[in-house]
Ligand SMILES: [Zn+2]
C-alpha cells in the first residue's frame, strides 16, 4: 500500500524535533516535483498549495525520538506497526504520508507542515503564512472514529518569596516521597493521582517539621512523582507508604516561617476546579507542579488549564490572588488560548464522513493543549477539526499504529477532501 510505503520512507529520514532539516528538504522537493507552490519560514514550517483551495490539511513533521531513533526499524505484529527499540514516529508521520498520497493525486488543498510541535508548539506559534482555506483538518489525533473539536488553553504561573532562615538545634531528617505513578497534568488531572508535593506538605504539617531545603516535582506539565526535603523535627517522624524518613547527623539552617509555606502547599487547590458535564472532561484545573526551597527562597510553579478563555482568566486570577495573599511575587508565562469546543458545519461534514467509514462518530475535546489551539487563535475565522488513526503509547519505544485504522482513516480524509476540494 502506497501510504505505508511512504510512511516507511519517512522513518528512514531523520526528523527528531530540532533536527528535522533533512525531512524539510525532502518534503519541499516532493511537493515541488508535483507542481505545488511552496513556501517555508524561519521556524521551519512549510506550506504547499495549488489552485484555490478551500481545505487546509495540517500535520507536524517532527517526532519525539526515544531509544534508537532516528534509526528506526519497523515491524508488524497482530495488525499493528511498531519500531524495534525506538519510537516509531507514526505521530505524526502517518499524517504526512497521507498528505503525500493526496499530493500524488494532485488534490487542490493547502498542505501545512508545522515544525517542532513536540517541543512546545514552536512552529505553530511562529506561523505567519496567510491561508486561503476556510476549513482546516488537523491529522494529529490518535483515536479512530472520533472528531476532536476543542482543547484547553493554559498558562504557567510562577511564585516566589524570600524567608528568614535561622540555625536550629533539633534533629534533622531527610524526607523522600517516591514511588507515585505521576501523570499528565491535563488529561490525567481528574484521576486523583497523589501529588508528591502535597503528600510531603501534609506529612510536614502533621509532624511539625521545619524545612531546611525542599525540592519537589519534575516538570510543569506533569503531576509530581517525587519530593525530597531536609527538615528538623521535634519528635522522630515515622515513615509511611511512599514517604521515607532517614536521620541525618548534621545541622542546617531552617526557614523560620516554614508553617506559612506548608500551609500554602496544603491549601493549594491542586486538581480539577470545575467539571464540564457536556464533554465529560475537566473544564478548569490546576497542577501544583514544582516547589523548591533553597537558601530561604521558595519557588513554586503551577500550570493552569481551562476549556475557554474566560475560564482560564478566572483560574489564573484566583491562583495569583492566593499566592499574593501569602506575600509571594507572581508572574505568568506561556499563556495560550483555548480552542473552544464547537460543533459547526465543518465538524459535521467530518463526522458524516467518519460515520460512513466507521459506522460511528463521536465528538471529543481534550483537557490539554494541541496545535489546533494555536492555529485557531492565529486564524480565528478558520473552522478546525482534528482526526487520526489509532496510535498507542506515542513518545515511547512502545509506540504503535494500527494498520487497518490507518487505511480507514485515510478513506475518511479522502472523502472530506473530495467533498471540499
Ligand atoms: Zn503529534
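The values are calculated or read from the model by the stated rules, or taken from the named source; none is laboratory data. This structure is a prediction, so every number in the text was calculated from the model and none was measured. Ideal geometry is used to build each Cβ from the backbone, glycine not excepted, and the neighbour counts take in all protein chains shown.
I need a count of the residues in region 174-191 that are surrounded by fewer than 17 Cβ atoms within 10 Å (Cβ to Cβ), over 15 Å from the mean Cα position of the chain (by Cα) and assigned to a loop (DSSP other than H, G, I, E, B).
Qualifying residue count, region 174-191: 3.
Hey, residue 268 hits all of (1) in contact with a strand residue (DSSP E or B) (Cβ under 7 Å, 6 or more places away or on another chain); (2) surrounded by fewer than 19 Cβ atoms within 10 Å (Cβ to Cβ); (3) modelled with pLDDT of 95 or more but one; which does it fall short on?
(2)
Enumerate the helices (runs of 4 or more DSSP H) found wholly within region 1-109, keeping only those where 3 or more residues are touching a strand residue (DSSP E or B) at 6+ places or on another chain (Cβ under 7 Å) and either closer than 29 Å to residue 419 by Cα or away from the ligand (no atom under 16 Å from the Cβ) (or both).
Ranges flagged: 21-33, 90-104.
How many residues are away from the ligand (no atom under 16 Å from the Cβ) and either part of a strand (DSSP E or B) or closer than 16 Å to residue 63 by Cβ (or both) if we restrict to region 119-142?
1
Spot the failing condition for residue 215; the list is (1) out of contact with any helix residue (DSSP H, G or I) (no Cβ under 8 Å at 6 or more places or on another chain); (2) at pLDDT below 95, and only one is missed.
Tallying (1) out of contact with any helix residue (DSSP H, G or I) (no Cβ under 8 Å at 6 or more places or on another chain); (2) at pLDDT below 95, residue 215 fails exactly one: (2).
Check region 375-398 and report whether any residue there is under 23 Å from the mean Cα position of the chain (by Cα), over 20 Å from residue 137 (Cα atoms) and crowded, with 19+ Cβ neighbours inside 10 Å. Explain how you work it out, then say what you get.
Of the residues in region 375-398, the ones under 23 Å from the mean Cα position of the chain (by Cα) are 375-380, 382-398.
Filter once more, keeping what is over 20 Å from residue 137 (Cα atoms): 392-398.
With crowded, with 19+ Cβ neighbours inside 10 Å added as a condition, the list becomes 394.
For region 375-398, residues under 23 Å from the mean Cα position of the chain (by Cα), over 20 Å from residue 137 (Cα atoms) and crowded, with 19+ Cβ neighbours inside 10 Å: present.
Only one of 101, 31, 66, 38 is surrounded by fewer than 23 Cβ atoms within 10 Å (Cβ to Cβ), at pLDDT below 95 and either farther than 16 Å from residue 140 by Cβ or in the same structural domain as residue 347 (by TED's automatic domain parsing) (or both); which?
66 is the lone residue from the list that is surrounded by fewer than 23 Cβ atoms within 10 Å (Cβ to Cβ), at pLDDT below 95 and either farther than 16 Å from residue 140 by Cβ or in the same structural domain as residue 347 (by TED's automatic domain parsing) (or both).
Kindly indicate whether residue 145 is assigned by TED's automatic domain parsing to the domain that holds residue 380 and within 13 Å of the ligand (Cβ to nearest atom).
On the way: assigned by TED's automatic domain parsing to the domain that holds residue 380: yes; within 13 Å of the ligand (Cβ to nearest atom): no.
So residue 145 does not fit the description; no.
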